[in-house]
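Please read the structure below before turning to the comments.
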Amino acid sequence: MYAEVVKRIESLKRFGKKSGREVTEHLLPKLSNPDTGMKIIHIAGTNGKGSVAMYIAAALEENGYKTGLFTSPHLITIRERIQVNRKLISEEDFTRLAEKVLSVEMPDEYAPTFFDICLAVALLYFKEQNCDYVVLETGLGGRLDSTRGISQMPLVGVITAIGLDHTAILGDTLEQIAAEKAGIERDGMPVVIAHNPPEVRAVLEKNAAEYFAVDDEYSGDDELKKLSKRAADRDNKLAPPLLGDFQYDNEAASLAALSYCGAVLDLEKVLDGIRSVKWPARIQKLKENPLFIVDGSHNPQGVAALTDTLKRTYPGERFIFIMAAMADKDASHMISGTKGIAECYICVKADTPRSLSAEALSDMVKAQGACAFTAGSVSKAIKTALSTKKPVVAFGSLYLAGEILAESKSLQTSDQL
């Protein structure tokens with residue numbers, strides 16, 4: 001039954017006739033508005049949304065608050081998207097609630113997409129679980145995102161790092177994309193702005209009712225905001241659990257957001273919660289010898305962060321890159337951003353119609369003067385890469401990351417770099 005329901009949901013269109021926001025505004029009332037009264041933290045941005053969501057949820061959980069977490073995409077199972085206290089929704093609960101949502105009669109123009117169904121299931125589940133707090137991560141954009149269609153005003157919004165991604169939908173400049181992400185802002189809702197360039201900040205600040213920017217000086221008395229400033233300043237006593245200098249910015253945004261939640265929080269428990277976070281496919285080490293890392297980076301900003309982290313952690317090293325890329329992503333920038341530390345690329349096609357063929361990707365790599373081979377499957381790519389005895393990094397797509405994790409159970413040490 002569970003498998004059948006998942007298959008039915010996965011068969012739905014990725015985009016509908018109406019925006020996700022409009023669909024949610026029509027769907028939730030038919031489900032008795034499960035979001036009513038929820039204490040919600042709403043997170044948008046290009047990179048870092050998932051890390052920020054996890055940090056906030058873990059800090060609240062460590063302080064004794066039952067916390068619902070809605071994130072996307074999933075890597076292996078759809079249930080990853082819906083968690084309470086970092087435990088995945090059960091197959092039984094997912095099936096039961098999904099069937100309830102799917103049974104709602106909606107006009108054809110407001111037919112829910114895959115993401116809309118997942119959001120509605122999450123909100124119903126969080127209500128049933130009587131969560132003290134709910135952390136909602138947007139799917140795509142902000143202004144028209146399904147999560148923006150909730151009627152309950154969030155306690156606080158967080159906008160993480162803005163980069164060039166989904167440019168065909170959100171715009172091809174940082175300012176245009178920032179404007180779409182800023183669409184989560186509401187009258188009377190404070191917003192935390194993570195580290196961003198000045199031109200992006202100007203857009204994000206423009207219509208915010210109240211904002212706290214982690215890059216600004218802070219001289220107030222709020223202890224969480226003081227911690228946020230220390231994290232933004234790279235205080236190594238606050239070193240985040242996930243590797244990458246940018247994770248300090250994510251931690252800073254998370255700490256500042258917690259100051260708006262109205263929760264009674266012990267600062268040491270907040271930090272203990274954050275330190276406990278593990279986030280699959282975010283520069284995750286699966287094997288030590290030879291080194292095998294998987295990362296879900298799939299846009300220029302994310303790939304730049306990955307490359308910077310590899311250079312800092314393994315200076316002078318060259319890597320075998322297992323790579324897949326979606327046809328609507330900027331694969332050429334992913335290649336140019338990594339070829340300086342690449343020994344060679346093993347190109348594969350991810351298990352989705354949206355993926356570039358291995359051959360097309362290999363041609364793109366060779367066109368930039370780098371070494372490339374193709375593999376007919378992810379398992380073959382893994383075997384080939386490991387046979388070189390050189391350090392391996394899989395990147396370019398979260399679809400690929402999910403396949404790597406599913407294929408490489410025998411390799412995993414569950415270590416996060």
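The values are calculated or read from the model by the stated rules, or taken from the named source; none is laboratory data. The structure presented is a predicted model; accordingly, all values stated were derived computationally and were not measured. So basically every Cβ, Gly included, is an ideal-geometry build from the backbone, and we count neighbours across all protein chains shown. Quick note on the areas: whole protein, heavy atoms, side chains included, nothing else; ligands and nucleic acids left out. Shrake-Rupley method; radii C 1.70, N 1.55, O 1.52, S 1.80 Å.
Just checking, how many residues over the range 376-397 are buried (at least 20 other Cβ atoms within 10 Å of the Cβ) and under 19 Å from ALA327 (Cα atoms)?
Count: 5.
Hey, among GLY262, GLY302, GLY220, which residue is assigned to a loop (DSSP other than H, G, I, E, B), open to solvent by 10 Å² or more (accessible area, probe 1.4 Å) and either of a type in the set (A, V, I, L, M, F, W, C) or in contact (Cβ under 8 Å) with a residue 40 or more places away in the chain (or both)?
On the way: GLY302 fails: assigned to a loop (DSSP other than H, G, I, E, B); GLY220 fails: either of a type in the set (A, V, I, L, M, F, W, C) or in contact (Cβ under 8 Å) with a residue 40 or more places away in the chain (or both).
Result: GLY262 is the single residue among GLY262, GLY302, GLY220 that is assigned to a loop (DSSP other than H, G, I, E, B), open to solvent by 10 Å² or more (accessible area, probe 1.4 Å) and either of a type in the set (A, V, I, L, M, F, W, C) or in contact (Cβ under 8 Å) with a residue 40 or more places away in the chain (or both).
If you go through the range 335-375 one residue at a time, how many are in a loop (DSSP other than H, G, I, E, B), among the small types (Gly, Ala, Ser), open to solvent by less than 30 Å² (accessible area, probe 1.4 Å) and under 26 Å from LEU75 (Cα atoms)?
Initially, the range 335-375 is screened for residues in a loop (DSSP other than H, G, I, E, B), giving 348-354, 356-357, 368-371, 375.
Then keep just the ones that are among the small types (Gly, Ala, Ser); that gives 350, 357, 369-370, 375.
Keeping just the survivors that are open to solvent by less than 30 Å² (accessible area, probe 1.4 Å) gives 350, 370, 375.
Narrowing the set further to residues that are under 26 Å from LEU75 (Cα atoms) leaves 350, 375.
Residues that pass the stated criteria total 2.
Of the residues that make up the range 137-149, is at least one touching a strand residue (DSSP E or B) at 6+ places or on another chain (Cβ under 8 Å) and open to solvent by 50 Å² or more (accessible area, probe 1.4 Å)?
No: zero hits.
Just wondering, is there one or more residues in the range 279-293 that are at pLDDT 95 or above, touching a helix residue (DSSP H, G or I) at 6+ places or on another chain (Cβ under 6 Å) and of a type outside the set (Gly, Ala, Ser)?
no
Would you check if there is a residue in the range 85-104 being in a loop (DSSP other than H, G, I, E, B), modelled with pLDDT of 95 or more and over 22 Å from the mean Cα position of the chain (by Cα)? I'd like the intermediate steps shown before the answer.
Going residue by residue through the range 85-104, those that are in a loop (DSSP other than H, G, I, E, B) are 85-86, 89-90, 103-104.
Filter again for modelled with pLDDT of 95 or more, leaving 85, 89-90, 103-104.
Still in the list and also over 22 Å from the mean Cα position of the chain (by Cα): 103-104.
Scanning the range 85-104 turns up at least one residue that is in a loop (DSSP other than H, G, I, E, B), modelled with pLDDT of 95 or more and over 22 Å from the mean Cα position of the chain (by Cα).
Filter the range 37-84 down to the residues that are of a type in the set (Gly, Ala, Ser), modelled with pLDDT under 95 and assigned to a loop (DSSP other than H, G, I, E, B) and list them by number.
GLY45, GLY48, SER72
Test PRO241 against the stated conditions and say whether it is open to solvent by 20 Å² or more (accessible area, probe 1.4 Å), out of contact with any Gly (no Cβ under 9 Å at 6 or more places or on another chain), modelled with pLDDT under 95 and within 20 Å of GLU137 (Cβ to Cβ). I'd like the intermediate steps shown before the answer.
On the way: open to solvent by 20 Å² or more (accessible area, probe 1.4 Å): yes; out of contact with any Gly (no Cβ under 9 Å at 6 or more places or on another chain): yes; modelled with pLDDT under 95: yes; within 20 Å of GLU137 (Cβ to Cβ): yes.
Judged against the criteria, PRO241 is a match.
Residue by residue, here is whether (1) part of a helix (DSSP H, G or I); (2) in contact with a Pro (Cβ under 6 Å, 6 or more places away or on another chain) holds:
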{"position": "GLN247", "(1), (2)": "yes, yes"}
{"position": "LYS269", "(1), (2)": "yes, no"}
{"position": "GLY273", "(1), (2)": "yes, no"}
{"position": "PRO280", "(1), (2)": "no, no"}
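Under 7 Å between Cβ atoms, which residue pairs at least 6 apart in sequence (or on different chains) link something in the range 156-178 that is modelled with pLDDT under 85 with a partner that is of a type in the set (Ser, Thr, Tyr)?
GLY163/THR46; ASP165/THR46
Would you point out which residue out of ARG21, ARG81 is open to solvent by 10 Å² or more (accessible area, probe 1.4 Å), under 29 Å from VAL200 (Cα atoms) and either without any contact (Cβ under 8 Å) to a residue 60 or more places away in the chain or among the hydroxyl-bearing types (Ser, Thr, Tyr) (or both)?
Working: ARG21 fails: either without any contact (Cβ under 8 Å) to a residue 60 or more places away in the chain or among the hydroxyl-bearing types (Ser, Thr, Tyr) (or both).
Result: ARG81 is the single residue among ARG21, ARG81 that is open to solvent by 10 Å² or more (accessible area, probe 1.4 Å), under 29 Å from VAL200 (Cα atoms) and either without any contact (Cβ under 8 Å) to a residue 60 or more places away in the chain or among the hydroxyl-bearing types (Ser, Thr, Tyr) (or both).
How about the range 203-261: which of its residues are of a type in the set (Ser, Thr, Tyr) and over 22 Å from MET153 (Cβ atoms)? Quick ask: steps written out before the conclusion?
The initial filter retains those residues of the range 203-261 that are of a type in the set (Ser, Thr, Tyr), namely 211, 218-219, 228, 248, 254, 259-260.
Within the range 203-261, TYR218, SER219, SER228, TYR248 qualify.
Do you know which residues across the range 30-78 are within 23 Å of GLY188 (Cα to Cα) and open to solvent by 30 Å² or more (accessible area, probe 1.4 Å)?
Selection gives ASN33, THR36, GLY37, LYS39.
Sort out which residues of the range 169-214 are part of a loop (DSSP other than H, G, I, E, B), more than 20 Å from PRO300 (Cβ to Cβ) and charged (D, E, K, R), and write them in order of number. Break it down stepwise before answering.
The initial filter retains those residues of the range 169-214 that are part of a loop (DSSP other than H, G, I, E, B), namely 171-173, 185-189, 194-197, 207-209, 214.
Narrowing the set further to residues that are more than 20 Å from PRO300 (Cβ to Cβ) leaves 185-189, 207-209, 214.
Scanning the range 169-214 gives GLU185, ARG186, ASP187.
Give me a count of the residues in the range 310-330 that are farther than 14 Å from ALA394 by Cα, part of a helix (DSSP H, G or I) and open to solvent by less than 80 Å² (accessible area, probe 1.4 Å). Show your work before the answer.
Taking the range 310-330 and keeping what is farther than 14 Å from ALA394 by Cα, we get 311-317, 326-330.
Restricting the remaining residues to those that are part of a helix (DSSP H, G or I) gives 311-313.
Next, only the ones that are open to solvent by less than 80 Å² (accessible area, probe 1.4 Å) stay: 313.
Selection size over the range 310-330: 1.
Whether any residue in the range 107-119 is touching a Cys at 6+ places or on another chain (Cβ under 7 Å) and open to solvent by less than 40 Å² (accessible area, probe 1.4 Å) is what I want to check.
Filtering the range 107-119 down to residues touching a Cys at 6+ places or on another chain (Cβ under 7 Å) leaves none.
No, there is no match, as no residue in the range 107-119 is touching a Cys at 6+ places or on another chain (Cβ under 7 Å) and open to solvent by less than 40 Å² (accessible area, probe 1.4 Å).
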